[in-house]
């Protein structure tokens, strides 16, 4: 007879499934191609000029690669999708570069999130 209960097996299966979902998540990425002669001193993003090279973290929570031919950025956060959209709202926490899902009528209270998507 196994010493692992059905509840423990269910919990382990849940943890495994959540680990797979989080692992498969990918950050949202986008690119901007520069026109010839545009942005000779770096890359302009939301009114701020960034130097050529790798940008670890922008003010809007992206990591970017700035080159003479263009800019490629990927988000540092996952977007929550599985939550009660009637009672809750999503707010970007720029300090942590992550979203907070909070109650619409009381933003000091967090909401349960079923799954984030990159």
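Just so it is clear, none of the values below were taken in a lab; they were calculated from the coordinates. Since the model is a prediction, treat every value here as computed from it, not as a measurement. For neighbour counting, all protein chains shown are included, and Cβ atoms are generated from backbone atoms with ideal geometry for every residue, glycine included.
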**Compactness of the stretch 26-75 as Cα Rg over 2.2 N^0.38 Å, two decimals** = 1.04
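Would you please put 90-103, 69-82 in order of how densely packed they are, using the mean number of other Cβ atoms within 10 angstrom per residue and starting with the highest? Intermediate values should be presented prior to the final figure.
Values: 90-103: 14.0, 69-82: 16.6.
With the highest mean Cβ count within 10 Å placed first, the list reads 69-82, 90-103.
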**Request:** Starting from the Cα of residue 104, step 7 Å along the direction of its Cβ; do the same at residue 89; then give the gap between the two resulting points in nm.
**Result:** 0.9 nm
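Cα gyration tensor of the stretch 75-118, axes a ≥ b ≥ c as square roots of the eigenvalues: rounded (a/c below 1.5), prolate (a/b > b/c) or oblate?
Oblate, because a/c is 1.5 or more while a/b does not exceed b/c.
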